[in-house]
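The values are calculated or read from the model by the stated rules, or taken from the named source; none is laboratory data. Owing to the predicted nature of the structure, the values given are computational and were not obtained by experimental measurement. When we count neighbours, we look across all protein chains shown, and the Cβ atoms used for this are built from the backbone with ideal geometry, even at glycine. What goes into the accessible areas is simple: the full protein's heavy atoms, side chains included, and nothing from ligands, DNA or RNA. Shrake-Rupley method; radii C 1.70, N 1.55, O 1.52, S 1.80 Å.
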Amino acid sequence: MLKTYLRLLGFVRPVEKYAIPYFFYSLLYALFNSLTFLLIIPILNTMFDANFAFERVDVLPPLEINKEYMTTLFNFTYCRLFDEYNPSNVLLLLAGVTIIISLLSNLFRYLCAWTVENMRTRTLQSIRNQMFERVTDMHVGFFSDQRKGDIISKITSDVNVVQFCITNTLQVVFREPFLIIGYLVMMIAISWELAIFSALFLPVVAVIIGSIVKRLRHPARTSQQRLGEMVSTLDESLQGIKIIKSFNATDYVRRKFYSINADFSRLMLSMARRQQLASPMSEFLGISAVGVILVFGGSLVMKGALDPGGFIAFIAMFSQITRPVRTFIDQFATINQGLAAGERIFSIIDAESEVVDKPQAVDLKEFRHNIEFRNVHFSYDDSREIISGVSFEIKRGQTVALVGPSGGGKSTLSELLPRFYDPTSGDIFIDGRPLRDYRQESLRDHMSIVSQDTVLFNDTIENNIAMGKQGATHEEVVRAARVANAESFILESPEGYETNIGDRGSKLSGGQRQRLSIARAILKNPDILILDEATSALDTESEKLVQEALNTLLSEGRTSVVIAHRLSTIYNADKILVIDHGRIAEEGTHTELLARNGIYAKLIEMQSFD
């Protein structure tokens, strides 16, 4: 718990930039706020004490912490401003002092709030940036194990909870303690006997509210988990709304969402009940304490040990001191919730990231000769081996096709090339140098991937294509679209290249989305092209257009790795590798493999390489 808290504070950098100003603002706010209540004494004495006699003070005595000194200070100030005593002048001066002190108190209160807000905003920015950076650095397998909605919940909801855990630290350390100390000092200055008697009630308030706060930690953590589940369910439902409706599964999805939402609401109500109980409980205890103090303080007044003005000022201060005590304890409830959210945030930050570059990694400036897989093995998280002892070579300009039964390891093999993963053992070489020796960014600058699952963004057609090359001109985008057989449908769109294609390209057909993906690859003009079943989900007409675009892309001397299940895609490949159970079962050209009458020949006969 302490470790999580200290790590969260690490996001506030530099902490002294906020803590030092807040310290002084809080100190001055507490001082002037306390003085406001102390002014009640001379006001009441001047207006209601028939025996009140003004004492002229021309020399200010040494500083003392008691109400007599405050009266002396006020009389000294009055004598410096006025020649003779007049109750109206006293009230005028008191009103002016009260206004000035109130102004200063609220000014420093505002500066405290602004400092916290500044820290909160910058801290949120830092946390979100780091979390998004970590998420984008994660290896591809991470997203197979995590629900997207849960990740979104951590970056949004959990971060919002954590912010108060961090910002409330300043209030817990500075503002509320300063207010409590300020009130206590002023109360002691009025009557130390009554102050000691009153202080006996503050631990009681603290213990009762603290017991309520302690019970909030577990519901807070559980509610954040339920919120993640609810966001995930919402995300999945929106993404799959067509499937849900087509299977008449709306009621099923609703029941699932209702159940999670009901559980989440129950937890929130449980937390709210305990949080809301703290305030009335502390107020009740405070009022009860005031009732007891009225008896004890009244006896002091009747004995002459305390004047009426001081007694009323004391009561006013005591009624106020329960507020910072309550706030001080309430902050711990927020901090507890923040710690629970912080643990979820660190589950992302501490997750295993994408394979990292070596410190001495170099740039791949030009791909010249070949790609070579040497005895490559790969498995996910020490589980079953997906790739086992694969070795083959791809010369520059060649097209190598990977075919075989589903689950054989074809896609995994292709994902090792851009270093989405590193081999468990063995290695992959480009121009005789291991992939691990190259910087990932420079390596991927030479590659493009066109897959069955086309990834487009809620943006214009032009911006989706231009993602393939930073700084691309409109003419270059048009040229790429023309080569990809995409220009015809683009020009028919409402706003041409400026048409927004909707979430994940929902306004386009499957073939249109795929052609935009190919246009993006063409614009990049990569040395190495990876096609992962790029036409498998298309209808015949769309496949024909996309295949023509792919043939154009492949015919320009690029080194290509093609994963396909249709003969038309791999018929002319320079080399075909049949991958079965993570191994190369057969290798050769289309003609050679047909002659062997093995796995490849059977797949051709079935026309299904899925």
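Annotations
- The range 440-452 - residue that is open to solvent by less than 80 Å² (accessible area, probe 1.4 Å) and touching a strand residue (DSSP E or B) at 6+ places or on another chain (Cβ under 7 Å) and, of those, farthest from P494 (Cα to Cα): H446
- From the options V455, V478, V483, residue that is β-branched (V, I, T) and either under 28 Å from the mean Cα position of the chain (by Cα) or exposed (fewer than 14 other Cβ atoms within 10 Å of the Cβ) (or both): V455
- Helices (runs of 4 or more DSSP H) fully within the range 178-242 that include at least 3 residues being at pLDDT below 70 and surrounded by fewer than 19 Cβ atoms within 10 Å (Cβ to Cβ): 202-214, 217-239.
- The one condition in (1) at pLDDT below 80; (2) open to solvent by 30 Å² or more (accessible area, probe 1.4 Å); (3) over 12 Å from G404 (Cα atoms) that K575 fails to fulfil: (1)
- Residue in the range 520-536 that is modelled with pLDDT under 80 and in contact with a strand residue (DSSP E or B) (Cβ under 7 Å, 6 or more places away or on another chain) present: yes
- Some residue of the range 407-429 being modelled with pLDDT of 90 or more, in contact with an Asp or Glu (Cβ under 8 Å, 6 or more places away or on another chain) and open to solvent by 10 Å² or more (accessible area, probe 1.4 Å): yes
- Subset of the range 357-377 [over 14 Å from D427 (Cβ atoms), open to solvent by less than 80 Å² (accessible area, probe 1.4 Å) and charged (D, E, K, R)]: D357, D363
- For the range 440-492, the helices (runs of 4 or more DSSP H) that sit wholly inside it and include 3 or more residues that are modelled with pLDDT of 80 or more and in contact with a Leu (Cβ under 8 Å, 6 or more places away or on another chain) are 461-466, 474-483.
- Where F164 falls short, out of the listed (1) touching a residue at least 24 places away in the same chain (Cβ under 8 Å); (2) open to solvent by less than 70 Å² (accessible area, probe 1.4 Å): (2)
- Contacts under 7 angstrom Cβ, first residue in the range 495-513 being farther than 10 Å from I461 by Cα and open to solvent by 80 Å² or more (accessible area, probe 1.4 Å), partner of a type outside the set (V, I, T) and not in a helix (DSSP H, G or I), 6 or more apart: D503/N458; R504/L456
- Residue count, the range 1-16 (criterion: open to solvent by 80 Å² or more (accessible area, probe 1.4 Å) and touching a residue at least 60 places away in the same chain (Cβ under 8 Å)): 3
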